[in-house]
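Comments concern the structure below.
Readers should treat all values here as calculations from the given coordinates under stated rules, not as data from a laboratory. Please read these numbers as outputs of a predicted model, since none were measured by experiment. Every residue, glycine as well, gets a Cβ built from its backbone with ideal geometry; the counts of neighbours run over all protein chains shown.
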Protein chains: 2
Amino acid sequence: MLQEPSVDSSGSSFTPLVVMELASDTKQEAIAWLLNRIRDLQQNGGAELLVQQLGPGVGVQEKDNLNIFLVGASWQRLLSGAEDVGLFKEFSDGSMRAFTCANKHEFKDFKGDGDSFLSVAECQYIIKHELDTLRARDETHVPGYTQAKLYPGKSIIRRLQSKGILIQMFPLHEKEELKRLTFSWYKKVKLSLQPLDDIRHYYGEGQALYFGFLEYFTFALVPLALIGVPYYAFDWEDYDKYVVFAVFNLVWCTVILELWKRCSASLAYRWGTLSRKKAFEEPRPGFHGVLGFNPVTGREEPLYPNIKRQLRIYFVSLPFVLLCLYGSLYVMMIYFQMEVWALTVHDEEPTFWTGILLFIPSIIYAVVIEILNLIYRYAAEFLTEWENHRLESSYQNHLVLKVLVFNFFNCFASLFYIAFIMHDMVLLRQSLATLLITSQILNQFMEAFLPYWLQRRRNKKMIRKVQKRRTLEDKELPLVEQVRLEADMSTYLGTFDDYLELFLLFGYVSLFSCVYPLAAVLVVLNNITEVYSDAFKMCHVFKRPFSDPAADIGVWQLAFEAMSVIAVVTNCALIGMSPQVKAYFPDSETQLILWIVAIEHVLLAFKFILTFLIPDVPKPIQIKLARLEFESLEALKKKKMLETSGLSKMVQ
Amino acid sequence: MLQEPSVDSSGSSFTPLVVMELASDTKQEAIAWLLNRIRDLQQNGGAELLVQQLGPGVGVQEKDNLNIFLVGASWQRLLSGAEDVGLFKEFSDGSMRAFTCANKHEFKDFKGDGDSFLSVAECQYIIKHELDTLRARDETHVPGYTQAKLYPGKSIIRRLQSKGILIQMFPLHEKEELKRLTFSWYKKVKLSLQPLDDIRHYYGEGQALYFGFLEYFTFALVPLALIGVPYYAFDWEDYDKYVVFAVFNLVWCTVILELWKRCSASLAYRWGTLSRKKAFEEPRPGFHGVLGFNPVTGREEPLYPNIKRQLRIYFVSLPFVLLCLYGSLYVMMIYFQMEVWALTVHDEEPTFWTGILLFIPSIIYAVVIEILNLIYRYAAEFLTEWENHRLESSYQNHLVLKVLVFNFFNCFASLFYIAFIMHDMVLLRQSLATLLITSQILNQFMEAFLPYWLQRRRNKKMIRKVQKRRTLEDKELPLVEQVRLEADMSTYLGTFDDYLELFLLFGYVSLFSCVYPLAAVLVVLNNITEVYSDAFKMCHVFKRPFSDPAADIGVWQLAFEAMSVIAVVTNCALIGMSPQVKAYFPDSETQLILWIVAIEHVLLAFKFILTFLIPDVPKPIQIKLARLEFESLEALKKKKMLETSGLSKMVQ
């Protein structure tokens, strides 16, 4: 790689990619130091990136923050960064390989000096990685901030973030490409699949996998929905047919989850994340502790004893979660009292209005559930933050576990209670339908329309402000205003909430499917609108997120599989409780239960065998991966052979 | 590495390590060609090993095979071979790292020119690997054998094996070391743990892990045995206590299996196999098919369509296995008829002898079970061979699955029948005891004493033969006789049968533990003798096996875990059936069953959560592995940085 410092510092070819917003009262010496470190050569421990301060723009007011910086990089720097992060790109033979600058010309799309080789999302990811791994050398603190301590090897950006000096860092949208993506994604009228490759190109693999999963999940539910419609329409109370439906449902759920793994492996291979090695994980920005030596890296960094964390988890977080579950149970009991009250009112004086009143408790309960989930979510985030996990992945796992358990309990406890303690199938069906529909409507509202409306207000204000100062050439906002506008947009907090929503929907479909076959239809309809609203919010409501090189949907695969195991148990129990099935065993309830338990065990065993039988990675991709590994082994052998013979010749 | 052909060919420092026995009628041109290929330099595609023909010896007779060859190698060759096979050795900082010749002096035990760095077992493994990967160049067939086809890249040794030209290849015992090992292993009188490191040193990791598991399993059963004794001795028919025992048993089984994973990871790390990469797997010697291009390696080699193999598996093997299961069921029914007959005889005329007669059917059945298992084993091997698996691992998996299913069914079907269809707990206990004890005695006999006796006869004959020709300097057999003697020893077929035996014993302990608590005591006693008989047979009955760099007990971990899941189900059912537990629910059997099912589900869920909660690799080893990975990442980064700056300097 050639260093071209002249071009680097002149910034003639500067394309802004990432925005860094520092606090408006940041001391000048800190800013100067930071910019210097970012611009410094890599040999000197710098990041060797280009950085410029954002001009004040026309609409600037006193309260506007002027400490906004645009970060970019030369193409050469980006290519060497791509090698640092271990990016996989398509090789000339069609396989996916880790990009190296040494053989860059053998990659398929590498043309000229490679200025269109990396997508903008990849460039932004590389810049984020380089900034994140910009480390302190011999500084003991951030200049001007004695309390912002540094030690050799500490990530500067993380320290600035945790001390509130760096407010945010986000990648810029590209208006033109976004317009194209918007069009092919959801503005086209004709029915078609989502442009997953384009989504990945613009938002990265994590986002694209979410939308891929959403699409896959929707299609996978279509057969269930189609079968469910006649059951509902003709009110088939014949439980023979229900048994068939439930068994089909259970096997289907297992099969689609297994096939998704294959599907996701294919996507991840095509996108080069399947065999990409995870980068060494940095501590979270908020992680704190006493300085000590990390046993893995040998570097001096804060350590926090695991035992303390365990104590916090088991003696604070766990009791808190249990308390919340109890609270949720309490709310559920209030709901049932309301149900009873509504029923008595309706029974005393049955009119049209009291008929509607019957649905009111469920609707209120559904709204309360959503509110509780939301409050709990904040509490869980606070608690998990307080547990002081060193790695982001560990933080995420603990957060997901907390949120999943509570949400599952909060959403489904009342249904379990109705089904297995009250034995009231009519109420179960009604309650299920109300919960499902209300939560869908609420979610769509909270998730897309509310943020959109807030955003639009801000947007209009900004446009008005700009128009005030400028003549009406408008339409395209100048870069300065664009950056300020995006800086004010909400931050997309990752796919967590989206997956959680799908997870709960999957629960509604699978747990009580044999009671309310229409659930699949409702979920399919919801998912179709979900694609549009999610696409919309990604494109117009939120800041562009940094791409996240995911190879699969991670912990959610496990969550969905756990749900499908629970579904086997509940559905078997529901079938066993149905009067029609009971009629087959008029003499002995024991016989009935033994049969149901036996069938349940067989289904569970079948599930596990299926999981083993269906390989997680499709054969063609297995072969491609094996070939890559074989070639690298052969290359190593050949290299060694050459070295040996070279050495022996030298000795001779 | 320096080439020293002069010393290589003179053979002055020749230590025989591996023996190759060719058929006695092998054509001279084939032998000459083979020896030439083995001795040829690596640059020319040879193996660069030392090889000598075994002398005729004193006791040679006409029927003795003269085509026995001893293979060895120079130390330099062995060290470069160690790098080829990816051997992990202890580094100077105490961590385990892949050995490379480049930094050989930084490894802990590397002294001088490294002639005691590798253990003999490792050397033998390296020689085997080098012979196995000795590939045909442009030969179209083995000289003198037009039907033994070769093609570029085909392993020569595999072809010679599959055509019967190479009869066997085995590593030599070392008398001195074997004596030491024997002494510390089982000849010492004082109680102590097995010398696992020495076993690994002599036999390799696979063997040592088996003995480690045997030891671990025995110790893990001691608490169960200790608790089981009072239950049996005082005849505690109080089922409250049984429930406690059974629950403890189930949790215990889960915990010990999980802890074993950690234990095995520790051992494997210490022995350097934990993070060792699997070598690229060669096709099995017996694999045949039509020549085509392997999609992974791109080499021309036989291919066999997967669909054909699937057809053979599902339309021949599967029906055959089912037929065998039916046969086993049929035999079981005959056993029950015998039981009934014995019981009627005893009831008509109850004497001491008819009392003994009651045990006869169980004993006969136990013997028949062992015989059926043995016959089935051969059939399963034949069928799996016929399925024509390309890789040894795939062959092994299919064989293990076939054998496991049949053995499980054959051994436990009668117990399940007695427990859950006949509901006869007394017969269950008696039958369990008889089956367990008889099969233990039979196994010990078949496995160690019979082969030993046969071996001793051969041994004596050989010694007599030698003594006839020689004067009585005896005691130490000369090398020639030693080699011939070992060539006649039985071949150790791997740990398969040993693990299978442990698996079945585990089944006897866990499946019906709450009915016969003494089972654990019997198994502990058996295991103690098993250690001695297995150690004895390894040292004195069998040829030394090639070491096998295993990192865990592989598919057996899964098998044991599956057994412990089945144990939860059976034990819960047994508890539910006991009259004492039934007495708690005098009114409603349904309530009882629902409770039992609920408890079973909770236990199963608890098992899975435990499996997640207990990490498979102990923390200190996780840290060591992470450090290694971190260092290699850092080294890569530094190397890249140097290259970049070097290049930029060169350009400047």
At most 14 other Cβ within 10 Å, DSSP loop - chymotrypsin sites (Phe, Trp or Tyr not before Pro), segment A:546-594 = A:Tyr584
request  = Calculate the length of the line joining the C-alpha centroid of segment B:507-524 to that of segment B:11-56, in whole Å.
outcome  = 53 Å
note = Note on chain A: contact order normalised by length, alpha-carbon pairs under 8 Å, 6 or more apart, percent, works out to 18 percent
Residues A:Lys27, B:Lys638 arranged by fewest to most Cβ contacts within 10 Å = B:Lys638, A:Lys27
ask   = Under 5 Å between amide H atoms, partner at least 5 residues away or on a different chain: which partners does B:His141 have, H built in plane at 1.01 Å?
value = B:Leu150
key: Debye, to nearest 20: dipole size of segment A:381-440, +1 on Lys, Arg Cβ, -1 on Asp, Glu Cβ   = 200 debye
message = Using only DSSP helix segments of four residues or longer, with each worth -39500 (n - 2.57), what per-residue ellipticity at 222 nm results for chain A after dividing by its residue count and rounding to 500?
response = -20000 deg cm²/dmol
message = For Cα pairs less than 8 Å apart in space and 6+ apart in sequence, what is the mean separation divided by the residue count of segment A:247-386, i.e. the relative contact order in percent?
response = 12 percent
note = segment B:244-293 and segment B:542-571 have their Cα centres apart by a whole-number Å value of 7 Å
remark   = Beyond 31 Å (Cα-Cα) in this structure, taken from A:Lys27/A:Lys154; B:Lys128/B:Lys639; A:Lys187/A:Lys461; A:Lys89/B:Lys639, we find B:Lys128/B:Lys639
query = B:Asp25 to B:Val316: FRET efficiency via 1/(1 + (r/R0)^6), r the Cβ-Cβ distance, R0 41 Å, to the nearest 0.05?
reply = 0.70
inquiry  = Treating the point 7 Å from Cα along Cα-beta-carbon as the label, what are the nm separations from B:Asn36 to the other copies, to one decimal?
reply    = 7.3
note = Tilt, helix B:239-270 to longest principal axis of chain B (alpha-carbon atoms), in degrees rounded to tens, equals 0 degrees
key: Centre separation in Å (Cα based) which lies between segment B:313-389 and segment A:304-361   = 58 Å
query = Along the charge dipole of the protein assembly as shown, Cβ charges K/R +1 and D/E -1, which of B:Val251, B:Thr100, B:Val367 sits furthest on the positive end?
reply = B:Thr100
task = Based on other C-beta atoms within 10 Å, arrange B:Ile421, A:Ile127 from fewest to most.
result = B:Ile421, A:Ile127
query = Treating the beta-carbon of each Lys and Arg as +1 and of each Asp and Glu as -1, no other charges, what is the dipole magnitude of chain B about its Cα centre, to the nearest 20 debye?
reply = 1860 debye
remark   = Any residue on another chain or 5+ positions along whose placed amide H is under 5 Å from the amide H of A:Phe512 is listed here as none
request  = Can you check what the Kirkwood hydrodynamic radius comes to for chain B, Cα pairs only, in Å to one decimal?
outcome  = 28.4 Å
ask   = Put +1 on the Cβ of each Lys and Arg and -1 on the Cβ of each Asp and Glu in the protein assembly as shown; which of B:Gly228, B:Gly212, A:Pro195 then has its Cα farthest toward the positive end of the dipole?
value = A:Pro195
Between 0 and 90°, nearest 10: helix B:28-39 axis offset from chain B longest Cα axis = 90 degrees
request  = Could you pull out the pairs from A:Lys277/A:Lys638; A:Lys607/B:Lys261; A:Lys638/B:Lys308; A:Lys278/A:Lys308 whose alpha carbons sit more than 30 Å apart here?
outcome  = A:Lys638/B:Lys308
remark   = Nearest 10, in degrees from 0 to 90: the angle of helix B:496-511 to the longest Cα principal axis of chain B is 20 degrees
remark   = The answer for A:Ser490, listing residues at least 5 apart or on another chain whose modeled amide H is closer than 5 Å to its amide H, is A:Lys543
inquiry  = Can you sort A:Tyr151, A:Tyr532, A:Tyr314, B:Tyr203 from fewest to most other Cβ atoms within 10 Å of each residue's own Cβ?
reply    = A:Tyr314, A:Tyr532, A:Tyr151, B:Tyr203
ask   = Can you list, shortest first in nanometers, how far A:Ile623 lies from the same residue in the other copies, with each label 7 Å from Cα toward Cβ?
value = 4.7
query = Hey, got the dipole for the protein assembly as shown? About the Cα centre, +1 on K and R Cβ, -1 on D and E Cβ, debye to the nearest 20?
reply = 3640 debye
